[in-house]
Amino acid sequence: MRLPPKVAQGVADGSVTLAFRRWARPDVRVGSEFRSSAGVVRVTSVDVVDEHAITPDDARAAGFPDADALRRRLRPVDEAARPGAGEPVVYRVGLTWAGEDPRIALRESADLTADDVADIDRRLERLDRASSHGPWTMQTLDLVRRRPHTRAPDLAAEVGRERDPFKIDVRKLKGLGLTQSFDVGYDLSPRGRAYLAATTRVVPEPGSD
């Protein structure tokens with residue numbers, strides 16, 4: 001479930017406690033958590049509602065000025081509706097802030113022990129072994145280091161890859177706390193820089209195969 005940054009910030013500061021979605025079946029369940037731009041969000045309730053019964057208080061709790069504005073946002077077919085899943089209905093989803101994104105603390109953790117470096121080595125090696133396009137982790141870390149804040153399509157083109165699979169791989173590195181995303185492109189995190197300085201794995205020279 002995706003939240004716009006303004007709504008996610010509202011959940012973090014307590015001003016937003018609801019979301020409304022038109023789904024063929026719910027994308028979330030009570031107790032599930034997901035990451036947003038403002039941290040981790042927990043789902044507290046999931047209920048089917050009549051969109052015409054949405055109250056002004058409901059709308060304000062979802063970050064809208066009034067119920068009509070909210071209903072206009074509930075398009076007939078929500079992006080999450082799936083073919084063959086049934087007739088989309090409106091769901092009222094309760095939300096609460098569950099804390100900071102743990103990846104933020106991880107990426108700022110740059111005081112790596114030898115065991116930390118060895119563990120990251122093993123994780124990257126597993127990603128390389130599982131790849132259908134060959135070892136990519138050190139090449140990608142080096143590329144992000146050399147070209148911070150560069151558009152993903154440009155980075156992908158430099159290594160002869162399609163944009164979307166490349167972005168998926170960078171997200172895997174982000175999950176390990178080694179990279180961070182910006183409005184344009186990426187950069188190594190403090191943890192990523194510390195790892196490259198400490199690891200004995202070979203970082204390819206720019207332009208090398």
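The values are calculated or read from the model by the stated rules, or taken from the named source; none is laboratory data. Because the structure is predicted, anything quoted here is derived from the model rather than measured. Here the Cβ is made from the backbone with ideal geometry for all residues, glycine too, and neighbour counts use every protein chain on show. Surface areas here come from the heavy atoms of the whole protein model, side chains and all, with no ligands, DNA or RNA. Shrake-Rupley method; radii C 1.70, N 1.55, O 1.52, S 1.80 Å.
Picking from residues in the stretch 152-209 that are of a type in the set (Phe, Trp, Tyr) and at pLDDT 95 or above, the one that is nearest to Gly134 (Cα to Cα) is Phe166.
The condition of being open to solvent by 40 Å² or more (accessible area, probe 1.4 Å), more than 17 Å from the chain's Cα centre (by Cα) and at pLDDT 95 or above holds for only one of Arg92, Arg75, Arg71, that being Arg92. Could we say that Ala62 is among the small types (Gly, Ala, Ser) and more than 22 Å from the chain's Cα centre (by Cα) here? So Ala62 does not fit the description; no. The listed residues are Arg35, Arg2, Arg107, Arg42, and the only one of them that is modelled with pLDDT under 95 and farther than 30 Å from Leu196 by Cβ turns out to be Arg2. Of all residues in the stretch 12-37 being among the basic types (Lys, Arg) and in contact (Cβ under 8 Å) with a residue 40 or more places away in the chain, which is least open to solvent (accessible area, probe 1.4 Å)? Residue satisfying both the conditions and the ranking: Arg22. Applying the condition of being open to solvent by less than 60 Å² (accessible area, probe 1.4 Å) and either among the charged types (D, E, K, R) or in contact (Cβ under 8 Å) with a residue 60 or more places away in the chain (or both) to the stretch 41-68 and asking which residue is farthest from Gly94 (Cα to Cα) yields Glu51. Taking into account only those residues within the stretch 13-27 that are modelled with pLDDT under 95 and among the hydrophobic types (A, V, I, L, M, F, W, C), which is farthest from Trp97 (Cα to Cα)? It comes out as Ala24.
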